[in-house]
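What follows is a set of notes on a single structure, which appears directly below.
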Amino acid sequence: MIRSCQRLRWLLKENKHRQSDKIGVLLEDMSDEPKLSMNEHDEPVSGNAQMPVGVAVVLTLLGYIGCTKVDELNANFAGNVHAPFGSPVEVASLAPSEEQLIIMRGKALYAKNCMACHQSDGGGSGNVNPPLANSPYVLENPERLSAILIKGLGGPIEVLGTTYNGAMPAWENTLSEVQIAEVLTFIRQEWGNSASRITAEEVSKVSAKIQEQGQSQPWTEPELSEAFPSE
């Protein structure tokens, strides 16, 4: 009985030592600091890296050469890009002249505003709208022709031996003086007509003269001939 009690005490004591050892190992593991690896790199640091001087010089030189070449070729105008033209001078020589541009704009204005009455060939229509081709009213006094477009024309009018009795509307509030000059220049040089150009300045002078005369309604043929006789 005594031996059994002694053995029990020994077992309890041994178990107590074992539990203490386990707790000690656990606390030791928890207290150990993490070990740093010698292979780890430093944290990246922000900063400014400078371009090598040689690279900067080369880039600047290339930019200068490129700009010079563009200026020389007129915005990269090269024959292998804009064939068949070989140079800006050649292209400029093919551009329409100022006179041709005026005729082109006058033709467009005629097609939009006049063709319905006077036809594409300038031959007029019936006994209402007189012809413009070879007409004295077109080829003679340019002031008289300008006055017709500015204020219009009504009543009978004789052109090339035929009497026409139509109504020509006034265009002073529809077309500018520049546009009137352009369309008149077109009809004076179309369909075999050959007369001088009419300028916007000339149209402006005629308009001022009409205002001085006090003409407010479309012309009749006698009024027109009195104010602007044929040459």
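So the values come out like this:
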read-out	value
Among residues of the range 190-207, those that are within 15 Å of residue 141 (Cβ to Cβ), of a type in the set (D, E, K, R) and in a loop (DSSP other than H, G, I, E, B), counted	1
Scope the range 156-171; condition crowded, with 16+ Cβ neighbours inside 10 Å and either out of contact with any Ser or Thr (no Cβ under 9 Å at 6 or more places or on another chain) or farther than 16 Å from residue 192 by Cβ (or both); matching residues	157, 164, 166, 168, 170, 171
Scan of the range 154-183 for residues that are of a type in the set (Asp, Glu) and either assigned to a loop (DSSP other than H, G, I, E, B) or closer than 20 Å to residue 107 by Cα (or both), ordered by number	172, 177, 182
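Per-residue answers, yes or no, for (1) under 32 Å from the mean Cα position of the chain (by Cα); (2) under 20 Å from residue 123 (Cβ atoms):
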{"site": "152", "(1), (2)": "no, no"}
{"site": "177", "(1), (2)": "yes, no"}
{"site": "183", "(1), (2)": "yes, yes"}
{"site": "210", "(1), (2)": "no, no"}
{"site": "213", "(1), (2)": "no, no"}
{"site": "217", "(1), (2)": "no, no"}
{"site": "220", "(1), (2)": "no, no"}
{"site": "231", "(1), (2)": "no, no"}
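Every read-out reported here was derived from the displayed coordinates using simple, explicitly stated rules and does not represent laboratory data. No experiment lies behind these values; they were computed from the predicted model shown. Using ideal geometry, Cβ is built from the backbone for each residue, glycine included, and neighbour counts are taken over all protein chains shown.
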